[in-house]
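A short worksheet on the structure shown next.
Bear in mind these aren't lab numbers, they're just calculated from the coordinates by the rules spelled out. Because the structure is predicted, anything quoted here is derived from the model rather than measured. Every residue, glycine among them, receives a Cβ derived from its backbone with ideal geometry; neighbour counts consider all protein chains shown.
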Amino acid sequence: MTTAYEQKFADFLRMCDQAKQGKLEVVVVHHPETLGDDYAEIVESLNRLADAKLRLSIVPRAERGGR
């Protein structure tokens, strides 16, 4: 992906780097939109999660509140 993706998702990428160091096992996102705004961004985020050997959990809609 482009540098724009890496700038936009800097916190997400930092988390993936921490996981590679054995500090994280599961990523929990409050809203699925956290992974990207379009298909390409979502696929890139999922691939990076897989590369870091992370599991993904998304908070159920009923538990999010406010949205």
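Worth pointing out:
- Spherically averaged projected area of the convex hull of Cα atoms, the chain: 4.8 nm².
- About the centre of its Cα atoms, the chain shows a dipole size close to 300 debye [charges on the beta carbon of Lys, Arg (+1) and Asp, Glu (-1) only; nearest 20 debye].
- Rounded to the nearest 500, the helix-only mean residue ellipticity at 222 nm of the chain stands at -14000 deg cm²/dmol, with each DSSP H run of n ≥ 4 adding -39,500 (n - 2.57).
- For region 1-62, the set of trypsin sites (Lys or Arg not before Pro) satisfying both a DSSP loop assignment and a count of at most 14 other C-beta atoms within 10 Å is given as Lys23, Lys53.
- Around Thr2: net Lys/Arg minus Asp/Glu count, Cβ-Cβ under 12 Å: -2
- Simple label model, 7 Å out from Cα along Cβ direction - Leu24 to Asp37, nm: 2.1 nm
- Förster-model FRET efficiency, 30 Å R0, Gln7 and Glu63, C-beta, rounded to 0.05: 0.50
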